[in-house]
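Reading through the structure tokens given below for one structure.
The values are calculated or read from the model by the stated rules, or taken from the named source; none is laboratory data. Computed from a predicted structure; not experimentally measured. Counting neighbours? That spans all protein chains shown, and the Cβs are built from the backbone with ideal geometry, glycine included. What goes into the accessible areas is simple: the full protein's heavy atoms, side chains included, and nothing from ligands, DNA or RNA. Shrake-Rupley method; radii C 1.70, N 1.55, O 1.52, S 1.80 Å.
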Amino acid sequence: MADHTSPLEATQHLNTDMPLLPPPPPPMVNGDGAQQVILVQVNPGESFTIRREDGQFQCITGPAQVPMMSPNGSVPPIYVPPGYVSQIIEENGVRRVLVLPQAEFLPGSHSPLHPHLPAFIPHHAMMPPPPHHVYTTVSGAGDMTTQYIPQYHPSQVYGDQDSHSLHGRSGFVNRDDRTSKTYERLQRKLKDRHGGATKDKMNSPPSSPQKSDCSSPTDIQNGLGKGQNSPGAATVKGKQVGKVKGSPRIDTETQELDEETKALQTLLSNISKPVMSDIEAKTAVVTWSPPAAVNGDSDMANLPDSFFYEVAVSSSGKYGKFKTAYSGEELTTTLEDLRPATDYHTRVQAVCNSLQGTPSEPVSFTTLSCEPDTPIPPRKTNGTKNSLVLQWKAPCDNGSKIQKYTLEWDKGNGTGEFEQCYCGPLKQFRVTKLSPASRYTFQLAATNDMGMSNFSEAIDFYTSGSVPPPPASPELVKAGVTWMSIQWRKPSVAPAEDDISYVLEMEDETSGYGFKPKYNGDDLSCTVKNLRRSTKYRFRVAAYNSEGMSNPSEATEFCTCPDRPGAPYRPAVKGKVHANNFKIIWEPPKEDGGATVTKYIVEMSEGSNGNKWEMVYSGSVLEHVCDQLSPGCAYQVRVYCISEGGQSPLSETLLIQTPAVPPGQCMPPRLVGKPKARELQMRWGAPQVDGGCLVSCYSLEMSPAQAEEHREVYMGPELECTVIGLLPGKTYSFRLRAANKAGYGPYSEKCEITTAPGVPHQCEPPHVACRSPTCAIVSWETPAGNGANVTEYRLEWGAAEGCIQLCYCGPGLTHEMKGLLPATTYFCRVQAVNVAGAGLFSEVVLCVTPSSVPAAVSCLRVRDESEVDVPHYSPSTCLALQWEEPCDHGSEITSYSIDFGDRQPITVARTTNHIIENLQSDATYRIRIQALNSIGAGPFSHTIKLKTKPLPPEPPRLECTALSHQNLKLKWGEGTAKSLQTDPIQYHLQMEDRSGRFVSLYRGPCHTHKVQRLNESTTYTFRIQAFNEAGEGPFSDVYTFTTPKSPPAPLKAPRIERLDDHTCEVTWEALQPMKGDPVIYSLQSMIGNSEFKQIYKGSARSFQVSGLQLNCEHRFRACAIRQCQNPEGPQDLIGPYSATVTFSSQKTELPSTTHKNTVEVSRTKRTLSDEQCAAVILVLFAIISILIAFVIQYFVIK
């Protein structure tokens, strides 16, 4: 409601010890009476909570205006932050409270805020819960008893603000006298009110009866959640409701959050003023820097890296209304759409996490001047036949005074080519020497020091001419009941000017006043309203211009249309209502609409709902007979009439009920499903004609065929019944009739139905005679047919009484059962079937077949060698058989007969396995078996083919091909060293241990094996065995092999000590005697590239070498020699040589040196092996190949 945007959007802090009052928008006060209505404006995005008359709270969201009422008739005090002042302005009887910034700070001036209140308010997300305004809405013009009841802490009821103000602002300098007096009167009222409230607040009871509902300021808030506030609006305060102590609910966590908010607020407020650059006539570039931290502030480590900025621009001064021109995270923006030569003020404000800082200091700038705006087209102020007077208004000069105006015209040729007709500083011009009744086009441009503006839009003007001739008579476009649309044509010889007008006159003969004007304007048509229906009127038209008016046209007569007639009276019944017809009459309408009724329409609807209406009569007679009706039905009848004026409304509806009659003839009853022997299921349908009433009862009568006596077998409302107690195979006649409240209807046609025959009686038990152990003859007798011949018999047979299955179905009286098992008990029963169905089964008969020879042996197979636990079993000459015992068929099995080819069958006792011996090796046999009992031999089993294995192989000869002091390499047989596991012959090598037992060393197809981890000079005993699929062969004879003695271990590199220029001492390590054998040493020397020569052999650990040549390299190496004491004689075993040591003999410059020289010892480089050389060559070849491929790819292909 304020005239400007409130600057209270800047976020400010309040003391956390005092509840916050959310600032409502500036109110509007209408204060003529004792009680005043306050219009509280709720801005968009804000909310306002009020209390209704029923005690409930209502939250109103903006934008909205809430009418409130002041209970004592005074304007409530408006509390604003420092730097702002509330001003009351009265316009048209409405006082408006504005919150405006003061022009400047003056010491000692009044501040509306409490002195303990800081100069800024925190954001709603960081501040403690505010107090709540409790309002009641104005329900009507006469209901003015509602109250404005705010609630806040007692510390917020301020006293004399003049005595407590530390820093305030003075009022506006340019305020008028009335505004100043109003402001002073408001200040006095505020002082008196706050003084009285302060004195009486300890002794007076609460002034509001609603204290119990809103006792805590933190329970209910102004449309917001806890800890939220609504910034950006003025604060309205009233009397204190009651005492509210401090804020004990604010804990330490809230205080810490408040300190962080204050630190962030301080940082956001420390933003420097923006810098302007590239200022043009309509654009300017604004640049600013991010907020800088205050010196000594150490709580800025958790702040974000970027901020959100809002740039506001004002064209009404430093304290004028600022509008947001940019919002974003950039540090520069371009202001567009500015006015040239205008003073602007701009400021920037930082925002972080919805918390706004104080805006920066505004910076002023002035846009440049430019050419004037495009002027509006000139207007015609006067004109004659030969001249036109044009006048125009000055456009915006954009900062530079307009020097001249340029007026151009087309000289009336209409080609669109313009020439200058005036250029000067005047704002009007008279164009002369023009042709009468002609059109001329003009356009205008303005020029200042910056240049010429664009030309205005082209506009046409006409010069005056002669008086127009009389136009043609008007014509009727369309006529209505109370209006007529009239049009006329422009005079054919009228001058081509743009200001010709017309006057339409009308004459009503019944009024006697003659022609009166009904229209005056430039249009060529007009709609004359407020006429009477079906009345004749005369019209004429005249044309006029600036030269005068023409004579009127000839008068023409038109008539309005008649109105539609009124609704006819409600129709009535004439005479008696019959079941199929009735007669109705009606009266004509009271109002005919100015025309005679030509036709009446009668519509009728079946049913009481009136969904579907049909026309049953159309004519001028006032009565009609409605026939072809249904009995017992409700009909609705209505009438309307038609005249020249249209169709009348419908009359009232007449409801008529036709009487009911007995129902019509029913369809004959029908049989449901198939007929049964002793009952019939009958069903029927409702009659097609129910007589206008629901059918309430059906009567079904029955009589035997060819008999006239009928008896009722059913009476009731159902549409089906079951007739019982009938005889099978008999024919019965049925008839049906229906009844309603009017009586019974006629009988239906007769329906004859024959009952079905019954099922046969139960058969007698069948007779069973066994012809053999596997065959039996079953016979039975024919039972009573029960009205129908037996068509088939069903015989069920089974080995268990509960598992009997159908085995025969046919018309015969006997059946032969084959494929039976001997000595088995069987059960059977028989059943008779006719067209009516199957009868009951006979009693079950028990039958036992005689005994027989055993059944064939099944599951004959050969046993695996692992399953045979018989000594001296050989799969080359024996076959182990196993089978399952067959059924003995009632006689115990005594023996088995085994047939295996041309030999005599073998008879064995009653067992399930047997070993056939003395067979040929590697031979195939066809074997089968049969069981025998006291009755005879059973059938043979299936034949299986078995083959004996070949004889096991002989052991090979064992040889030692290589030996050392720790291993022996043995070889046997002829073949490769590595063989496959699938070789037919494999070998088993064993060695005797210290206890005299042979342990397994190797088992596989190979012909060689290396025995490792042996002791030197030790004798070992071996034997070998060959085996294949036929089995394991015998072990070979025992072979004995002895390992030789081991040579000494290699020595470390010897050490050389220089004695003089030609002598040195070589020392090496000593070895212990090996199993009693002494160890001696051998020392070799080499000069240059010659061969090594032995220079010492003995048991000493060192040797002095003399006669060394100067400036030559001497190489030395040593080895150990084991002197073995064998019975054949001593034998020397030479160990490997040590690493080579190099000694350079050079002349000593200081022969008197007392210390001994040290000699560098370097080991000889080892040569690469063949495998290492091959690997190096392969790696080099791969690298070269990759390089060649890369070169081809890069240089050739690309």
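The 3J(HN,Hα) values that the Karplus relation (6.51, -1.76, 1.60; θ = phi - 60°) gives for region 1073-1078 are, in residue order, x, 9, 6, x, 8, x Hz. Gly and Pro appear as x. Looking at region 424-570, the accessible area is 54 square angstrom per residue; that uses a 1.4 Å probe and ignores ligands, DNA and RNA. At a probe radius of 1.4 angstrom, the accessible area of region 337-388 per residue rounds to 47 square angstrom.
Here region 517-562 is assigned +1 on the Cβ of each Lys and Arg and -1 on the Cβ of each Asp and Glu. Its dipole about the Cα centre then comes out at about 460 debye.
Using a probe radius of 1.4 angstrom, the carbon and sulfur fraction of the accessible surface of region 686-793 is 49%.
For region 1002-1099, which chymotrypsin sites (Phe, Trp or Tyr not before Pro) pass both filters: DSSP loop (anything but H, G, I, E, B) and at most 16 other C-beta atoms within 10 Å?
Those satisfying the criteria are Phe1092.
Based on C-alpha pairs under 8 angstrom that are at least 6 apart in sequence, region 460-588 has a relative contact order of 27 percent.
From a point 7 Å beyond the Cα of Ser772 in the direction of its Cβ, which residues of region 798-827 have a backbone N at a distance under 17 Å? Flagged as within label range: 816-824.
From largest accessible area down, sort Arg540, Arg910; use a 1.4 Å probe on the protein chains. Intermediate values should be presented prior to the final figure.
Working: Arg540 65, Arg910 110 Å².
Result of the area sort, largest leading: Arg910, Arg540.
Multiplying the residue separation of Gln882 and Ser534 by 0.36 nm and removing their Cα-Cα distance gives an extension gain of 112.4 nm.
When the solvent-accessible surface of protein heavy atoms is calculated with a 1.4 angstrom probe, in what order do His761, His1007 fall, highest first?
Numbers: His761 100, His1007 20 Å².
Sorted descending by solvent-accessible area, the residues read His761, His1007.
Protection proxy ranking of 926-932, 282-288, by the mean of other Cβ atoms within 10 Å over each peptide's residues and highest first, is 926-932, 282-288.
By how many nm would the segment from Phe418 to Lys969 lengthen if fully extended, with 0.36 nm per residue of separation less the alpha-carbon distance? Numbers along the way, then the final one.
Values: separation 551, 0.36 × 551 = 198.36 nm, distance 12.69 nm.
Result for the pair: 185.7 nm of gain on full extension.
Couplings 3J(HN,Hα) for region 863-879, derived from phi with the Karplus relation 6.51 cos²θ - 1.76 cosθ + 1.60 (θ = phi - 60°), are 7, 6, 4, 5, 7, 8, 10, 10, x, 6, 7, 10, x, 7, 10, 9, 10 Hz, where x marks Gly and Pro. Counting only protein heavy atoms and using a 1.4 Å probe, the accessible area of Ser400 comes to about 10 Å².
Got a number for carbon plus sulfur as a percent of region 519-605's accessible area, 1.4 Å probe?
Values: 2060 of 4710 Å².
Using a 1.4 Å probe with all protein chains present, region 519-605 comes out at 44 percent carbon and sulfur.
Magnitude of the charge dipole for region 860-998, about its Cα centre and with charges confined to Cβ atoms of Lys, Arg (+1) and Asp, Glu (-1), is about 440 debye. Put simply, the amide H of Ile402, placed in the peptide plane, has no neighbours under 5 Å, leaving out anything fewer than 5 places away on its chain. Restricting region 944-1035 to trypsin sites (Lys or Arg not before Pro) that sit in a DSSP loop and have at most 10 other Cβ atoms within 10 Å of their own Cβ leaves Lys978, Arg994, Arg997, Arg1013. For region 653-699, the solvent-accessible area of protein heavy atoms averages 54 Å² per residue (probe radius 1.4 Å; ligands and nucleic acids excluded). The charge dipole of region 726-863, taken about the Cα centre with unit charges on the Cβ atoms of Lys, Arg (+1) and Asp, Glu (-1), comes to about 440 debye, rounded to the nearest 20.
Considering only Pro362, Thr381, Ala394, and ranking their Cα positions along the charge dipole of region 317-415 that arises from unit charges at the beta-carbon of Lys, Arg, Asp and Glu, the one farthest toward the positive end is Thr381.
Share of region 344-407's accessible area from carbon and sulfur, percent, 1.4 Å?
Details: 1230 of 2830 Å².
Whole-percent figure for carbon plus sulfur exposure: 43.
Ordering Pro565, Gly607, Val577 by the projection of their Cα atoms onto the charge dipole of region 555-609, which places +1 on the Cβ of Lys and Arg and -1 on the Cβ of Asp and Glu, puts Val577 at the extreme positive end. A 1.4 Å probe, protein heavy atoms only, puts the accessible area of Met549 near 110 Å². Lys323 sits with roughly 130 Å² accessible to a 1.4 Å probe, with DNA, RNA and ligands left out of the calculation. Distances between placed amide hydrogens fall under 5 Å for Asn382 paired with Val389, all partners being 5 or more residues away or on another chain. Filter Lys1052/Lys1075; Lys818/Lys945; Lys1010/Lys1075; Lys282/Lys321; Lys971/Lys1097; Lys411/Lys490 down to the pairs with a C-alpha to C-alpha distance above 31 Å, please. Going by Cα-Cα distance, Lys818/Lys945; Lys971/Lys1097 fall outside the 31 Å limit. Each of Trp684, Trp409 has its accessible area taken with a 1.4 Å probe; listed largest first, they run Trp409, Trp684.
Which of the GluC sites (Glu not before Pro) found in region 1051-1092 are loop residues per DSSP with 16 or fewer other Cβ atoms within 10 Å of their Cβ?
Answer by residue number: Glu1069, Glu1091.
In order along region 350-355, the Karplus-derived 3J(HN,Hα) couplings, from 6.51 cos²θ - 1.76 cosθ + 1.60 at θ = phi - 60°, round to 9, 10, 8, 6, 6, 10 Hz, and Gly and Pro are given as x. Placing unit charges on the Cβ atoms of the charged side chains and taking the dipole of region 780-897 about its Cα centre, the candidate lying farthest along the positive direction among Cys847, Val835, Thr877 is Val835.
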